[in-house]
1. Bin by bin, in steps of 5 Å, what percent of the Cα pairs in region 2-95 do you find, going until the bin that has the longest distance?
2. Suppose only helical runs count, i.e. DSSP H with n ≥ 4. What mean residue ellipticity at 222 nm does that imply for the chain under -39500 (n - 2.57) per run, divided by all residues and rounded to the nearest 500 deg cm²/dmol?
3. Check Ile167: other-chain or 5+ apart residues with amide H under 5 Å from its amide H, H built from backbone geometry?
4. With +1 on each Lys and Arg Cβ and -1 on each Asp and Glu Cβ, how big is the dipole of region 110-301 about its Cα centre, in debye rounded to the nearest 20?
5. Per residue of region 104-111, in order, report the coupling 6.51 cos²θ - 1.76 cosθ + 1.60 (Karplus, θ = phi - 60°) as ³J(HN,Hα) in whole Hz, putting x for Gly and Pro.
6. Distance check, please: which entries in Lys108/Lys132; Lys16/Lys255; Lys128/Lys215; Lys108/Lys263; Lys206/Lys263 exceed 22 angstrom between their Cα atoms?
7. By count of other Cβ within 10 Å, fewest leading, how are Ser275, Ser78, Ser91 ordered?
8. Exactly which GluC sites (Glu not before Pro) in region 146-217 are in a DSSP loop and have at most 11 other Cβ atoms within 10 Å?
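Quick note: the coordinates plus some simple rules give every number you see, no bench work behind them. This is a predicted model, so every value here is computed, not measured. Reconstructed Cβ throughout: ideal geometry from the backbone, glycine too, with neighbour counts over all protein chains shown.
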Amino acid sequence: MAETETKKPGLFARLKAGLARSAQSLTQGITHALTRKTLDQAALDELEELLIAADMGANVAADVVAEMKRTRFNSQVSEDEIRAALAEEISKILRRVARPLHLDPANKPHVVLVAGVNGSGKTTTIGKLAEKYRADGLKVMLAAGDTFRAAAIEQLKIWAERTGAAIIAKETGADAAGLAYEALEAARAGNYDVLLVDTAGRLQNKAGLMAELEKVIRVMKKVDATAPHNTILVLDATTGQNAINQVEVFRDIAKITGSVMTKLDGTARGGILVSLAEKFDLPVHYIGVGERAEDLQPFDPDAFARALVGLSVAA
């Protein structure tokens, strides 16, 4: 327990630093909305516009403001009280989707298929997960299934070397489904704990992407009928509302079971995670708030909500 307690402040500090740009835009807006110090209708309207501008979506903004109107309308309020109320309402939405990525030790290996558009941070996320699992003492294999991009293959090879994970990779343009089949057979034969499978993310060719992902899943099921055990969508926070379209496409193509949101440190659009939670109820496993492996953090909805509005960690 003591170890967990000493780790938490460091994790929250990184989360708060990562969400600083999102928090700054919200905080400045709250300051402006509360020039009168009373939460009247004009202030509520301004807060609603602020939440929509922060990519939280119209539904979330309306629900949050309605709750604040119900409990605090025409009250004298401070900025911190408004931020705390916002954090609590955001937390309620996020708690529905906060779910750890559990690996089942009965699966040898537990197969995690990772999808996402090119540039979302998909390959880096796989590398960071490999580092986490290796640090936990697990036997990890990577499959360089984004065979259309030489850079993705090379990047995954570097992560394999860095983490001590095994890797199955082929030349650029190789059949991705064949590679996935080969990787799963090798991981089973070698009694690996985890197989992380990279995939292509060419969203501009949806028909081709759909056919390829369906084939990858189909051939893996020939080796293990229960695979993949998780299919994770990696989303780039800097794309804002475009992330909604990506969830819709990949949910239909690949039967996504959960998500990871990356690059939250490079944007003022951290609110998009709240909008996605409200719209899709898609589980969030991890968030990325920096370049280092430790900056890929398990998703904590309460800490995220407080950091998003610029508050310190709750006591």
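1. Result, from short to long distances: 2, 13, 22, 24, 16, 9, 7, 4, 2, 0 percent.
2. -17000 deg cm²/dmol
3. Leu142
4. Result for region 110-301 is approximately 260 debye, rounded to the nearest 20.
5. After applying 6.51 cos²θ - 1.76 cosθ + 1.60, I find 8, x, 6, 8, 10, x, 7, 9 Hz.
6. The answer is Lys16/Lys255; Lys128/Lys215; Lys108/Lys263; Lys206/Lys263.
7. Values: Ser275 25, Ser78 10, Ser91 20.
Ranked by crowding around the Cβ, least crowded first: Ser78, Ser91, Ser275.
8. Numbers: sites: Glu154, Glu161, Glu171, Glu182, Glu185, Glu212, Glu214; in loops: Glu171.
Of the GluC sites (Glu not before Pro), the ones in loops of region 146-217 whose Cβ has at most 11 other Cβ atoms within 10 Å are Glu171.
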